[in-house]
Amino acid sequence: MKRIPFAIAALLALAAPAFASAGFSCEADDANVTRLVVEGATPRSGGNLINFGAELEIDGVKIAFKQSDVKRYFGEGGVIRVRVSARAGEHDYLVIVDAKRNPKDEDDWSGTYEVRHGPVAAPGKKAATQIKRGKVKCFVE
C-alpha cells in the first residue's frame with residue numbers, strides 16, 4: 001500500500017512533457033570593448049528567456065548582468081535582439097545586441113552591439129553618455 005503513492009507520482013512524472021531548450025551565446029568580435037558576452041536559453045516552443053547572463057568589461061570596470069536586468073528580448077525567425085541595462089556604482093550601463101542568421105549558412109550568426117554608459121543623471125539633468133558600437137559573433141544551438 002505504501003508503494004501506490006510513489007507509483008502514481010512516478011507515472012505522473014513520466015507523463016509530463018519533456019521541454020527542450022535552445023541556447024545562444026554572443027561575444028564582441030572587435031576591440032571596441034574589453035569584453036562583452038551575452039548568453040541565454042529559451043524553450044524551443046516559445047520566445048521567452050528561461051536563463052540569461054551577460055558580462056561587460058569596459059574602461060576597467062566589469063559589470064555582470066542577470067536575467068532581471070533584461071529589458072527586452074526577441075528571438076525567433078533567425079533574429080536575436082537583447083536589450084539589458086544595470087547600474088554599477090554611480091554609472092548606468094545599457095547593452096543592445098542585434099544578431100541575424102546568415103540565410104546561406106545556418107551556423108553563421110553575426111550582428112552588432114551598442115554599449116551606452118555614463119554617470120547616473122541627476123533628476124532633471126541630462127548625463128553625458130558614452131557610446132561604443134561594434135560587431136558580435138553568436139553561437140546558437
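Could you tell me which of rounded, prolate or oblate describes region 22-140, using a ≥ b ≥ c as the square roots of the eigenvalues of the alpha-carbon gyration tensor, with rounded for a/c under 1.5 and, failing that, prolate when a/b is larger than b/c and oblate otherwise?
Cα axes put region 22-140 in the prolate bin.
Take His117, His91 and order them by how many other Cβ atoms sit within 10 Å, fewest up front.
Ranking His117, His91 by Cβ neighbours within 10 Å, fewest first, gives His91, His117.
Using a 10 Å cut-off on Cβ atoms, rank the peptides 118-125, 99-106 from the highest mean neighbour count down. Working shown, then result.
Values: 118-125: 9.4, 99-106: 12.5.
Top to bottom by mean Cβ count within 10 Å: 99-106, 118-125.
Hey, what did region 22-140 get for relative contact order, percent, Cα under 8 Å, at least 6 apart? Let's see the in-between values first.
On the way: 277 pairs, mean separation 26.7, N = 119.
Reported relative contact order: 22 percent.
Can you sort Cys138, Cys26 so the residue with the fewest Cβ neighbours within 10 Å comes first?
Ranked by crowding around the Cβ, least crowded first: Cys138, Cys26.
Based only on other Cβ atoms within 10 Å, what is the fewest-to-most ordering of Ile50, Ile131, Ile63?
Working: Ile50 14, Ile131 10, Ile63 21.
Result, fewest neighbours first: Ile131, Ile50, Ile63.
Just so you know, all these numbers are worked out from the coordinates, no wet-lab data involved. Since the model is a prediction, treat every value here as computed from it, not as a measurement. Cβ coordinates were reconstructed from backbone atoms using ideal geometry, including for glycine residues, and neighbour counts include every protein chain displayed.
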